[in-house]
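Reading through the structure tokens given below for one structure.
The values are calculated or read from the model by the stated rules, or taken from the named source; none is laboratory data. Worth saying up front: this structure is predicted, and the values here are computed from it rather than measured. FYI the Cβ positions are ideal-geometry reconstructions off the backbone, even for glycines, and counts take in every protein chain you see. Please note that ligands, DNA and RNA were not included when accessible areas were found on the heavy atoms of the full protein model with its side chains. Shrake-Rupley method; radii C 1.70, N 1.55, O 1.52, S 1.80 Å.
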Amino acid sequence: MAIDFLEIRDKSRAVVGIMDTAKSVIWNILYYGVGDFEIYAPFTPETAALLTVGNYVTRQNERNIGIIERINVTYNETDGRMIVATGQFGKALLSRRLIYNLNGNSITPIESSGNLEGAVRALVTANIIASADAARNVDFIELGEVAGLYAVIVDKDGDETQKQTSFSNLQEYTDAILQEAKAGAYMEFDRVTLKMRYTVYEGADRSANNTA
């Protein structure tokens, strides 16, 4: 089966090259969690220059954007020298932040209650988009459109409650809250603005290992 081309993007997410020589591409989309990818391509000076840690990968007609996190070079008699690039999709950026609220010189827990979608969007906003500590903000992350989920935050008995947390992993905690309502979230890449939009959604779990 033919491999569709990959767009390789630099740290500003601008396209720096097109790759159509990959021998295989695994694009592992998950309903819950982050999802990951693997690119297996012949090693050449061109592919080595494009597939570097910190660069991004996108595909046509695909909302996810991959972050290259690891590079490995292999050799076997059948394929020769190959380069293997692996990483996770854009939502992994949330895992680089811990949830906390800076109140003056004190750290206080963050409380979440009420509408579940609104709560996770508020957590993302407060910890990576518009944090009181500007050094924590990522200027190319923004919120996507509101999905309109009606679910509220509940306890183990299904009763509406308030959750409180400090120093939880932002990605893991928000995903856990969403999973309680069988909802998910992804980081959609905008090809015009080159930004990523955190978007909550609810639908059928169609997680798949998409191998081309």
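For the reader, a short list of remarks on this structure follows.
- Modelled label reach - residue 202, point 7 Å along Cα→Cβ, the stretch 155-185 residues with backbone N closer than 12 Å: 178-184
- The stretch 93-203, accessible area per residue, ligands and nucleic acids excluded (1.4 Å, Å²): 52 Å²
- With Cα atoms, 0 to 90° folded angle of helix 170-180 axis to the chain main axis: 70 degrees
- Estimated at 0.36 nm per residue, the fully extended path between residue 79 and residue 44 surpasses their Cα-Cα distance by 11.3 nm.
- Overall, the accessible surface of the stretch 120-162 at a probe of 1.4 angstrom is composed of carbon and sulfur to the extent of 49 percent.
- Lysines with Cα under 20 Å of residue 91, excluding same-chain neighbours fewer than 8 positions away: 11, 182, 195
- Every Cα-Cα pair of the chain was included, and the share exceeding 30 Å stands at 30 percent.
- Counting only residues at least eight positions apart within a chain, or on another chain, there are no lysines with an alpha carbon under 17 Å from that of residue 163.
- Report note on the peptides 180-186, 132-138: ranked by the mean count of other C-beta atoms within 10 Å, highest first, their order is 180-186, 132-138.
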